[in-house]
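To keep things clear, I will list the structure first and then write my remarks on it.
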Amino acid sequence: MIIRGGRPLKGSVVTQGAKNAALPVMASALLLRGGRLTLERVPDLRDIHTMADLLRHLGAEIAFGGGRMTIDVPDELKWETPANLVRGMRASSLVLGPLVARCGRAVLPLPGGCAIGSRPIDFHLKGLARMGAEIDLEQGSVHARTNGLSAARLYLDFPSVGATENMLMAAALTPGESVIENAAREPEISNLARALRSMGASVEGDGAGTIRVAGTRDLRSAAVEIIPDRIEASTYLLAGVMTRGEVTVTDIEPEYLQALVFKLEEAGIPPGVSDDSVSVSCAGRSWNGITLKTLPYPGFPTDLQPQIMAALCMAEGTSVIHESVFDSRYVHVAEFKRMGGKIDIQGNTVVVTGVRKLTGAEVHASDLRAGAALILMGLAAEGDTVVRGLKHVWRGYERLMEKMTSLGADIELMRDDRSED
Ligand code: EPZ
């Protein structure tokens with residue numbers, strides 16, 4: 001992607017359905033036996049198609065178009081997952097809980113690490129083991145088996161999003177009351193809980209730290225709407241900030257963006273908030289440095305750390321960012337420095353000294369959110385920026401070229417046989 005920077009973005013974009021809500025809800029369809037799950041507002045993204053291919057491999061039939069997806073699940077399912085699909089997307093581990101609960105078996109190649117950390121799934125396995133699954137690791141794959149899971153009191157050492165989702169889905173199909181302590185509280189968890197309730201499980205306490213589930217063996221066909229994507233919406237707001245433009249994101253639940261709104265207020269550029277939109281207006285404005293720490297929801301989201309760091313590269317003053325969720329989510333810092341960012345990494349903390357201007361450069365995206373942040377840097381920088389590694393970006397940002405162009409960005413895609421995507 002070539003970006004000609006320095007143009008203020010102006011206008012309004014509609015928020016896509018949340019990738020990280022749609023993926024677990026899709027996996028939850030596996031809990032049905034000869035049933036259909038209908039999803040509305042599913043974003044058209046690479047990760048969504050990867051998950052659909054995985055579910056088809058297991059035996060589901062899927063139709064997807066115009067944001068609507070139907071997943072028809074047969075009586076018999078396969079329970080071995082193919083390495084090529086699982087290695088391509090870590091969220092594939094979300095079929096583990098449903099398969100063990102439904103088939104009593106699952107084989108899942110251990111997902112590898114990625115650019116933002118080692119990404120183990122030990123919490124997922126511990127939870128399923130506590131419910132009565134036998135877990136073995138053989139040739140790099142998880143082999144799980146059970147003669148029937150039992151309801152259990154589950155505890156999470158860390159409020160892991162994926163582990164909470166796997167336990168929630170396994171418990172929904174397991175008769176009796178299960179409790180998940182120290183559960184993740186992200187809005188995506190509540191979206192999954194709504195899906196499970198509409199299938200006939202009783203789920204209470206989602207969004208708080210303790211979730212109570214009364215499961216049942218016969219979950220039935222259901223329909224569920226996917227919530228708006230808070231990370232996509234926040235990314236466009238920060239594009240408006242960095243280009244000193246005026247950007248509104250609509251069809252969003254402002255409460256999901258509370259941490260970002262507070263931090264922008266602290267930085268001296270308070271956003272405008274209505275009941276279904278958030279907007280920034282930064283023409284001629286400057287912002288001061290802030291201190292922030294990424295935390296599980298409702299704390300500041302780690303998935304927004306590269307994007308807010310990009311904005312703070314242009315603050316008047318110094319900022320301190322502490323990444324507390326992943327063990328190494330600073331791969332993008334080296335690329336930011338190539339564009340003039342003044343950033344000093346000290347362990348899991350980063351000190352950002354604001355500069356008056358960034359300059360265009362050739363940069364490479366290492367993961368989804370770092371790629372998005374590099375596009376923001378290019379939009380704000382003087383001169384041209386070339387961003388490579390866009391395959392990461394298409395995983396999470398629906399119709400990005402269309403949306404950015406509608407806001408006035410001067411960007412185009414170039415055929416480049418040197419980049420792998
Ligand atoms: C989800 O990943 C999201 N992905 C991630 O978004 C997001 O960054 C992350 O939650 C944190 O909010 C999806 O929802 C598909 P975690 P997940 O389990 O579930 C450690 C994006 O950009 N951990 O909450 O994998 C883990 O290593 C992606 O859309 C264990 O140690 O995140 C990490 O340090 C990137 N053992 C921390 O917990 C486990 O068994 C949080 O991970 C599980 C996790």
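The values are calculated or read from the model by the stated rules, or taken from the named source; none is laboratory data. These numbers were taken from a predicted model, which means no experiment stands behind them. All Cβ positions, glycine included, derive from the backbone under ideal geometry; neighbour counts span all protein chains shown.
Some points to look at:
- The one condition in (1) crowded, with 17+ Cβ neighbours inside 10 Å; (2) more than 8 Å from the ligand (Cβ to nearest atom); (3) within 23 Å of the chain's Cα centre (by Cα) that ALA184 fails to fulfil: (2)
- Any pair with Cβ under 8 angstrom, 6 or more apart, that starts in region 143-164 at a residue that is of a type in the set (S, T, N, Q) and ends at one that is in a loop (DSSP other than H, G, I, E, B) and within 13 Å of the ligand (Cβ to nearest atom): SER160/ALA184; THR164/LEU156; THR164/ALA183; THR164/ALA184
- Filter result for PHE158 (assigned to a loop (DSSP other than H, G, I, E, B), within 11 Å of the ligand (Cβ to nearest atom) and on the phi < 0 side of the Ramachandran plot): yes
- Within region 42-68, considering residues that are in contact (Cβ under 8 Å) with a residue 40 or more places away in the chain and charged (D, E, K, R), the one surrounded by the fewest Cβ atoms within 10 Å (Cβ to Cβ): ASP44
- Search result, residues across region 269-286 that are closer than 15 Å to ASP229 by Cα and assigned to a strand (DSSP E or B): SER277, VAL278
- Within region 250-260, not a single residue is aromatic (Phe, Trp, Tyr), in contact (Cβ under 8 Å) with a residue 12 or more places away in the chain, more than 16 Å from the ligand (Cβ to nearest atom) and assigned by TED's automatic domain parsing to the domain that holds LEU379.
- Note on region 292-317: residues that are surrounded by fewer than 16 Cβ atoms within 10 Å (Cβ to Cβ) and more than 29 Å from ALA184 (Cβ to Cβ) total 2.
- Sole exception among (1) within 16 Å of the ligand (Cβ to nearest atom); (2) over 20 Å from the mean Cα position of the chain (by Cα) for ALA101, by number: (1)
- Evaluation of ARG90 against the conditions (1) in contact (Cβ under 8 Å) with a residue 12 or more places away in the chain; (2) within 14 Å of the ligand (Cβ to nearest atom); (3) more than 26 Å from ASP303 (Cα to Cα) shows that the sole unmet condition is (3).
- Taken over region 344-371, residues that are touching a Cys at 6+ places or on another chain (Cβ under 7 Å) and more than 12 Å from the ligand (Cβ to nearest atom) amount to 4.
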